[in-house]
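We did not get these values from a lab; they are worked out from the coordinates using the rules stated. Since this is a predicted model, take the numbers as computed values, not measurements. Don't worry about glycine lacking a Cβ; one is built from the backbone with ideal geometry, like all the others, and counts go over all protein chains shown.
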Amino acid sequence: MFGRTLLPRTLEAAIRDISSTKVTVRVDAVRDLVPHGDESRERVVRALEGALRDPAAPVRSAAAVALADLRASEALPSLLIALEDDDGEVRQMAITALGEIRDPRATERLRRALSDKRAEIRFQAAIAFPRVCTSRADALRALVDATHDADPLVIHIALRMAEELGDSAPSQDQDRPDGLDEDDGRGVVHPDLLARAQALLDHESATVRIVAAILLARSGDDAGHATLIAVARGELVSQDGEDEAAAIELCGELQLEPSRAGLERRAFGGLLRRDHFAWHARVALARMGHERAVREIVGELGARDRDRRTLAVAAVGRARIAAAREIIEAMRGDEARADPCTVDDTLAALIASDEPEPSARQAQGAIA
């Protein structure tokens with residue numbers, strides 16, 4: 001009546017169906033090859049390389065994604081050829097695969113892709129290039145150059161990738177790349193990148209202004225604080241929800257008092273329509289010592305629903321509510337109460353934090 005549920009193909013069935021006359025069947029067969037990569041890697045990769053030459057673009061695109069999933073460095077020559085594919089989606093997926101594989105041999109081809117005439121190719125290259133480039137300094141310089149792009153989405157991803165590189169910087173006792181300076185412990189920050197982020201606070205795209213403000217704030221620069229406050233107030237909206245959430249939480253982390261009213265509206269306002277970032281706003285307020293926010297977060301540690309309890313555990317860690325530590329510790333090892341990884345992460349955050357926290361009386365009153 002409802003139709004049968006199709007089981008994943010066996011290896012032999014997937015290889016057979018990759019030659020089907022139907023494009024949709026070939027696409028599905030390509031995807032079903034990936035789980036067999038461990039047991040029969042050589043056959044699977046060879047079949048996927050063949051699919052990269054399929055007459056149908058959706059099949060070629062799926063093959064590139066599958067090779068990315070397998071981190072198939074042995075397919076590098078085939079993926080480099082796919083960079084010249086007539087179909088834009090295939091080109092993008094080939095670049096994505098090269099970034100996932102992280103083979104330095106793709107560095108120069110991806111460097112050229114950074115200046116491709118097509119914005120979507122430059123966008124993918126900005127993600128992939130830093131992942132294959134063996135020189136952090138070289139990668140950061142390329143990303144700084146990308147912040148001059150005409151497309152705001154390319155600028156946005158360049159800033160995001162530059163911050164990712166900074167967060168994964170080597171420790172202080174390792175050799176440092178030329179042209180890089182140490183920041184306040186988050187990694188390394190290219191001085192030209194900070195200058196570009198400051199300049200981009202005036203960009204016509206709100207999405208660019210917001211990500212620039214986030215990068216600056218995380219680097220200890222207050223030039224973008226007004227932008228963060230504008231996000232909390234709802235005056236600026238990003239195309240990237242992750243950035244908007246980060247900007248809201250940074251207002252609490254940085255104790256930006258002018259954001260308080262906007263955060264309260266987001267966290268508590270509106271019975272009919274809940275703000276999409278209400279959770280993040282409540283975390284920000286709790287970080288600022290807001291009694292109602294702290295009370296509600298700690299109160300939800302006793303919610304009947306496990307997912308709500310887990311979200312409350314995460315909020316405790318993000319807001320650094322040290323008074324709730326004993327409650328969280330009691331959850332450790334009990335999967336029925338909350339997600340164990342979230343509990344461990346929250347306890348680690350509370351232990352590491354030495355910032356002033358809401359009083360124990362606030363937390364105890366919330367669960368009384």
field: Cα-based radius of gyration of segment 196-338 once divided by 2.2 N^0.38 Å, which approximates compact folds
entry: 1.11
- prompt: How high is the relative contact order of the chain, in percent, counting Cα pairs under 8 Å that sit 6 or more residues apart?
  reply: 7 percent
statement: Exposure-ranked with fewest Cβ neighbours within 10 Å first, Leu98, Leu7, Leu33, Leu350 stand as Leu7, Leu350, Leu33, Leu98
query: What ³J(HN,Hα) values, in whole Hz, does the Karplus curve 6.51 cos²θ - 1.76 cosθ + 1.60 give for segment 334-344 when θ = phi - 60°, with x put for Gly and Pro?
result: 10, 4, 5, 8, 6, 4, x, 5, 5, 4, 5
message: Whole-Hz ³J(HN,Hα) for each residue in segment 101-109, computed from phi via Karplus 6.51 cos²θ - 1.76 cosθ + 1.60 with θ = phi - 60°, x for glycine and proline: what do you get?
response: 6, 6, 8, x, 5, 8, 4, 5, 5
field: Likely footprinting exposure, Phe268, Phe129, fewest C-beta neighbours within 10 Å first
entry: Phe268, Phe129
Sequence-distant residues sharing a close amide H with Ser219 (under 5 Å, placed H): none
Between helix 241-253 and the chain: long-axis angle, C-alpha atoms, 0 to 90°, nearest 10: 30 degrees
- request: Using only the alpha carbon atoms of segment 1-101, find the Kirkwood hydrodynamic radius as the inverse mean reciprocal pair distance, in angstroms to one decimal.
  value: 13.4 Å
query: In degrees, nearest 10, range 0 to 90: what is the angle between the Cα axis of helix 41-51 and the longest Cα principal axis of the chain?
result: 80 degrees
Extension gain from Arg71 to Arg274, taking 0.36 nm per residue of separation minus the Cα-Cα distance: 69.0 nm
query: Can you list, largest first and rounded to whole Å, the semi-axes you get for the chain by taking the square root of 5 times each eigenvalue of its Cα gyration tensor?
result: 41, 29, 20
